[in-house]
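*Asks:* Got a structure here, written out as structure tokens. Questions coming.
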Amino acid sequence: MSRVMDTAEHEALRLEILELCREAQPYGTNPNVLRAALRKSGYDLPERDLLTQIGYLKDKGLVETQEVQNRRLGLQRLVVRLTSEGTDYLEGNGPDIAGVG
């Protein structure tokens, strides 16, 4: 695939992640749920690639992540939430952000 197509696909994928996070407000979601939802939208990507895209969106200030755990039950989850900047972006109230479709 060409570099231009790769870039366009990454931008569209990031936008889809933001939309899914908006649907999960105010509680957020986790990478497993995101992967399942993205698969239904035609994106079948490994967890590592999804975490890379989440990190990119986090660096842009559009999502935040939090590690939550229950030691007693031995559970640990990463929760991904849309930030107010992410909401503004999706609503068209913020500036254009390079790298997000």
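Yes or no, residue by residue, for (1) at pLDDT 95 or above; (2) in contact with a Gly (Cβ under 8 Å, 6 or more places away or on another chain); (3) aromatic (Phe, Trp, Tyr):
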site	(1), (2), (3)
LEU18	yes, yes, no
ALA36	yes, no, no
LEU51	yes, no, no
GLY61	yes, yes, no
LEU75	no, no, no
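*Asks:* I'd like the full set of residues that are among the small types (Gly, Ala, Ser) and closer than 15 Å to LEU82 by Cα, limited to the stretch 1-59.
*Replies:* Across the stretch 1-59, the qualifying residues are ALA24, GLY28, GLY55.
*Asks:* In the stretch 60-75, what residues are within 21 Å of GLU23 (Cα to Cα) and free of Cβ contacts under 8 Å to residues at least 40 places away in the same chain?
*Replies:* GLY61, GLU64, THR65, GLN66, GLU67, VAL68
Conditions tested, residue by residue: (1) hydrophobic (A, V, I, L, M, F, W, C); (2) in contact with a His (Cβ under 9 Å, 6 or more places away or on another chain); (3) under 15 Å from GLU11 (Cα atoms).
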| residue | (1), (2), (3) |
| --- | --- |
| GLY61 | no, no, no |
| GLU64 | no, no, no |
| GLU67 | no, no, no |
| LEU73 | yes, no, no |
| GLY86 | no, no, yes |
| TYR89 | no, no, yes |
| ALA98 | yes, no, yes |
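*Asks:* For residues that are of a type in the set (Lys, Arg) and under 10 Å from the mean Cα position of the chain (by Cα), scanning just the stretch 51-97, find the one that is surrounded by the fewest Cβ atoms within 10 Å (Cβ to Cβ).
*Replies:* Within the stretch 51-97, the match that is surrounded by the fewest Cβ atoms within 10 Å (Cβ to Cβ) is LYS58.
The values are calculated or read from the model by the stated rules, or taken from the named source; none is laboratory data. Since the structure is predicted, the reported quantities are computational estimates derived from the model, not experimental observations. Here Cβ is always computed from backbone atoms with ideal geometry, including for glycine, and neighbour counts include all displayed protein chains.
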